[in-house]
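Asker: Shown below is the structure under consideration.
The values are calculated or read from the model by the stated rules, or taken from the named source; none is laboratory data. Fair warning: this is a prediction, and the values are worked out from it, not measured in the lab. Backbone-built Cβ (ideal geometry, glycine too); neighbour counts: all protein chains shown.
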Ligand SMILES: Nc1ncnc2c1ncn2[C@@H]1O[C@H](COP(=O)(O)OP(=O)(O)OP(=O)(O)O)[C@@H](O)[C@H]1O
Ligand SMILES: [Mg+2]
């Protein structure tokens, strides 16, 4: 099992969610986050002055999935969340030791 953690543009979230459903990923945790990538935020103009927006609002999606599904999830997110501009987001893949469904005590992929 792997946790796929994707930090994407908030405006792309609904479409990403729909596309993930279509490949069988229903369970997820979604958080509003703030962050920055390698551009360290963005510079904007306002009333002739330049100011830097350091931390940009994004949406984080966390899904724990069975190994064979990981590449499909990554491909789906990269396709649907992509605008081609800087700041489209990032995906991290983290190994997961175990999962437990509290109600039934089922473990591993059965608990997903
Ligand atoms: N190395 C990192 N560690 C933790 N979070 C990160 C890292 N890189 C990016 N993020 C998170 O992902 C969000 C989107 O990053 P972003 O898409 O700007 O990455 P990037 O590396 O700057 O790529 P790009 O050049 O396409 O903008 C950031 O706002 C931040 O929340
Ligand atoms: Mg960036």
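Asker: Can you tell me which residue is nearest to residue 95 (Cα to Cα) among those in segment 3-40 that are within 15 Å of ligand 2 (Cβ to nearest atom) and in contact with a helix residue (DSSP H, G or I) (Cβ under 8 Å, 6 or more places away or on another chain)?
Answerer: Only one residue fits best here, namely 6.
Asker: Among the residues that make up segment 67-83, is at least one of them within 16 Å of ligand 2 (Cβ to nearest atom), under 27 Å from residue 112 (Cα atoms), assigned to a helix (DSSP H, G or I) and free of Cβ contacts under 8 Å to residues at least 24 places away in the same chain?
Answerer: Yes.
Asker: Based on what the data block shows, is residue 62 out of contact with any helix residue (DSSP H, G or I) (no Cβ under 8 Å at 6 or more places or on another chain), in a loop (DSSP other than H, G, I, E, B) and either away from ligand 1 (no atom under 13 Å from the Cβ) or modelled with pLDDT of 95 or more (or both)? Before you say what the answer is, go through the steps one by one.
Answerer: Values: out of contact with any helix residue (DSSP H, G or I) (no Cβ under 8 Å at 6 or more places or on another chain): yes; in a loop (DSSP other than H, G, I, E, B): no; either away from ligand 1 (no atom under 13 Å from the Cβ) or modelled with pLDDT of 95 or more (or both): yes.
In short, no.
Asker: Can you tell me how many residues within segment 41-56 are farther than 16 Å from residue 85 by Cβ and either loosely packed, with under 10 Cβ neighbours inside 10 Å or within 16 Å of ligand 2 (Cβ to nearest atom) (or both)?
Answerer: Filtering segment 41-56 down to residues farther than 16 Å from residue 85 by Cβ leaves 45-52, 54-55.
The next check asks that each one be either loosely packed, with under 10 Cβ neighbours inside 10 Å or within 16 Å of ligand 2 (Cβ to nearest atom) (or both); those that pass are 45-50, 52, 54-55.
Adding up the residues that qualify gives 9.
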